[in-house]
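Undergrad: Got a structure for you, written out below as structure tokens; questions coming shortly.
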Amino acid sequence: MKTGRLAVIPVALSAAAVALVWARRRFILVTVKGDSMKPTYGHGQRLVVRRGGYSVGDVVMFRSPATMTHDVDWMVKRAVAVSGDPVPADLAPRAGAVIVPSGKLLVRSDAPDGLDSRQLGLIDDRDVVGVVRVPRNY
């Protein structure tokens, strides 16, 4: 009877290892730097980002544009317009388009004076890593 129970341990450990590998490939844990997403997320807050697609209204993590000289490699902002959407009036001067082009998106900080597409312009969707899933403060 003990032998049967011991046989279950390697199976359980294997299943746990597979689940851990899946989770590490699917999710990323990040720490917010700065206050441009306040009041939704504040400096030092930990977020879980799910790799994959996004839609308007999602808070996304993306690679900082190469043209920006900041001390962060990644940014967390809210997607406000995606490919095919009309460009919001306040973002139009920097976007240089009336409709968001294919493969691009526009982002906005939750803080009124935060860094977003008003300064960054269009974001390439290939630079988007994923969507903030935990915590859901919005």
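Undergrad: Has region 66-82 got any residue that is free of Cβ contacts under 8 Å to residues at least 12 places away in the same chain, out of contact with any Gly (no Cβ under 9 Å at 6 or more places or on another chain) and under 20 Å from residue 101 (Cβ atoms)?
TA: yes
Undergrad: Among the residues of region 103-138, write down those that are closer than 11 Å to residue 65 by Cβ, over 15 Å from the mean Cα position of the chain (by Cα) and exposed (fewer than 14 other Cβ atoms within 10 Å of the Cβ).
TA: Within region 103-138, 119 is the sole residue that qualifies.
Undergrad: Would you pick out the residues in region 109-138 that are over 24 Å from residue 27 (Cβ atoms) and either among the aliphatic types (A, V, I, L, M) or touching a strand residue (DSSP E or B) at 6+ places or on another chain (Cβ under 9 Å) (or both)? Walk me through how you get there before you give the answer.
TA: Start the filter on region 109-138 by keeping residues that are over 24 Å from residue 27 (Cβ atoms), which leaves 111-122.
Hits for region 109-138 are 111, 114, 115, 116, 117, 118, 120, 121, 122.
Undergrad: Further question: Name the residues in region 92-110 that are without any contact (Cβ under 8 Å) to a residue 60 or more places away in the chain and closer than 28 Å to residue 48 by Cβ, would you?
TA: Within region 92-110, 100, 103, 104, 105, 106, 107, 108 meet the criteria.
Undergrad: Sticking with this one: Would you mention how many residues in region 48-79 are aliphatic (A, V, I, L, M) and surrounded by fewer than 20 Cβ atoms within 10 Å (Cβ to Cβ)? I'd like the intermediate steps shown before the answer.
TA: Step one: of region 48-79, the residues aliphatic (A, V, I, L, M) are 48-49, 56, 59-61, 66, 68, 72, 75-76, 79.
This time we only want the ones that are surrounded by fewer than 20 Cβ atoms within 10 Å (Cβ to Cβ), so: 48, 56, 66, 68, 72.
Residues in region 48-79 being aliphatic (A, V, I, L, M) and surrounded by fewer than 20 Cβ atoms within 10 Å (Cβ to Cβ): 5 in total.
We did not get these values from a lab; they are worked out from the coordinates using the rules stated. These numbers were taken from a predicted model, which means no experiment stands behind them. Cβ coordinates were reconstructed from backbone atoms using ideal geometry, including for glycine residues, and neighbour counts include every protein chain displayed.
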